[in-house]
Amino acid sequence: MSLWFMSAAILPDLTREFEISEFRQAALSSAVQIGFVAGALASALLGLADRIDPRRFFATCAILAALFNASLLVVEPGGDVSIFARFVTGILLAGVYPVGMKIAVGWGKEDRGLLVGTLVGALTLGSAAPHFLALLGGTDWRWALSVASIASALGGVACLFTGLGPFHARAPRMKLKAVLTAWTNRKIRYAYCGYLGHMWELYAMWAWIGVALTVSFSGQMSSDTALSLSRLFAFLTIAAGGVASVVAGFVADRVGKANIAILAMSVSGSAAIATALTFGGPAWLTTLCVLVWGAAILPDSAQFSALVADNSPPDQAGSLMTFQTALGFALTFFTVQLTPLAADWISWPGVFVIMAIGPALGIVGMLRLKRLS
């Protein structure tokens, strides 16, 4: 998953070397989102995660994604070919994240919150990795991009050695009606609602928090120092969510997945507003708010997926979780693309306040789901 935010992490170095318009800068990130949506929709409709060996599916997609990501070394960044390569990378990542969840939920029921929480924690650390690689590589964006590609390929190979759990179920044929279960099953529908509220803020925050922190820090320190610190704290912010996701998964199996999701969204929305209020102020205070936001913004994600798995027929769980992610990432295409444009219009603090709307709506969905339990 280190491929996801690669272009956003190395964007400052790319723009120093190449002339890339603001629209194309955003397109390098949003192309991954819309590619993921296209891949996830195709996978869900065809039932790929439920019909074929998920380990081979995962490995093939991770290795091919690594190759397309590495193609940015030989094409012009920001050009049509590079944006297309990012789009295909997104398509292939739809065979990694949701398929990984399919493998995870096959290993348990009573501890499913922990299983999916741990997988989402791994997803998050991978998503944070580009910022750390960019920090280690300095201005050498090619080094960071190469390491991320190698990591993806190795991850794909490693998945081939994964076992399938006792609760793994395989669909004998394609079932288009599996996707319709998302609308006919009210519990799944409300889990989807909570997930969409969560996704309203998640990827827009992840993709642009490094840029936003650079702006916030730049009034108090040199531009180079501001850039280095923003990369470090962007990595720590995203990684904090990964650690919190594992802990929350352990607790969710005991106090309820919906309860953990509500708590996470309450803290996340509050932290978004706190970040807006402290933006441009003391760097330590803004950083603290962002770290809390990063820790709280993710733990609910795994619980939404676990809730979908809990309420799905076993041989449809992979397709329904994949369809869930397709809807969520379709939303993030717009939020990731529009976030920097909105920041120019209403400033970063205004954008952060708007992001808090998502968790508020997600809480409503979770409260309605609890009434059905």
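Only Cα pairs under 8 Å and 6+ residues apart enter the sum, and on that basis the relative contact order of segment 1-158 stands at 39 percent.
Round to the nearest 10 and give me the degree value, 0 to 90, for the angle of helix 299-310's Cα axis relative to the longest principal axis of the chain. Compared with the principal axis, the helix lies near 20 degrees. If you run the Gaussian network model on the chain, springs between alpha carbon atoms under 10 Å, then out of GLY78, GLY39, GLY108 the most flexible one is GLY108. Around the Cα centre of segment 85-214, unit charges on the Cβ atoms of Lys, Arg, Asp and Glu (plus for the first two, minus for the last two) sum to a dipole of about 780 debye.
Once both labels are positioned 7 Å from their Cα atoms along Cα-to-Cβ, the gap between VAL75 and ALA169 label points is 4.1 nm. For the chain, the number of Lys pairs separated by eight or more positions or lying on different chains, with C-alpha atoms closer than 18 Å, is 8. Residue ranges 116-123, 93-100, 22-29 sort as 93-100, 116-123, 22-29 when ordered by packing (mean number of other C-beta atoms within 10 Å per residue, highest first). For segment 34-102, the relative contact order works out to 55 percent when only alpha carbon pairs closer than 8 Å and six or more residues apart are counted.
The residue list GLY256, PRO359, ALA302 was ranked by how far each Cα lies along the charge dipole of segment 229-373 toward its positive end, using unit charges on Cβ atoms, and GLY256 comes out on top. The packing ranking of peptides 306-312, 360-366, 254-260, highest mean first, is 306-312, 360-366, 254-260, where packing means the average number of other beta carbon atoms within 10 angstrom of each residue. The smallest convex shape that holds all Cα atoms of segment 199-356, its convex hull, gives 101 Å³ per residue. Between helix 257-278 and the chain there is an angle of about 10 degrees, using the helix long axis and the longest principal axis of the Cα atoms.
Under the convention that each Lys and Arg Cβ holds +1 and each Asp and Glu Cβ holds -1, the size of the dipole of segment 1-99 around its Cα centre is about 380 debye. The angle separating the long axis of helix 283-296 from the principal Cα axis of greatest extent in the chain is about 10 degrees. Ordering ALA49, GLN25, GLY121 by the projection of their Cα atoms onto the charge dipole of segment 1-150, which places +1 on the Cβ of Lys and Arg and -1 on the Cβ of Asp and Glu, puts ALA49 at the extreme positive end. One Cα centroid belongs to segment 14-74, the other to segment 283-313; the line between them spans 23 Å. Taking the Cα centre of the chain as reference, the dipole from Cβ charges on Lys and Arg (+1) and Asp and Glu (-1) amounts to some 1480 debye.
Under the simplified labelling scheme, the TRP107-LEU285 pair shows an inter-label distance of 4.4 nm, with each label point 7 Å from Cα along Cα→Cβ. Listed peptides 153-165, 266-278 appear in the order 266-278, 153-165 once ranked by packing, highest mean of other Cβ atoms within 10 Å at the front. Indicate the gyration tensor shape class of the chain (rounded, prolate or oblate), computed on the Cα atoms with a ≥ b ≥ c the square roots of the eigenvalues: a/c under 1.5 is rounded; otherwise a/b larger than b/c is prolate and the rest oblate. Oblate is the answer for the chain, as a/c is 1.5 or above yet b/c matches or exceeds a/b. Normalising the average separation of contacting C-alpha pairs (under 8 angstrom, six or more residues apart) by the number of residues puts the relative contact order of segment 106-208 at 30 percent. P(r) for segment 39-153, from all Cα pairs and a bin width of 10 Å, is 13, 38, 33, 13, 2 %, short bins first.
Only the coordinates and a few stated rules stand behind these numbers; no lab work does. Values in this document were obtained by computation on a predicted structure and should not be read as measured data. Cβ sites come from the backbone with ideal geometry, for glycine too, and all protein chains shown count toward neighbours.
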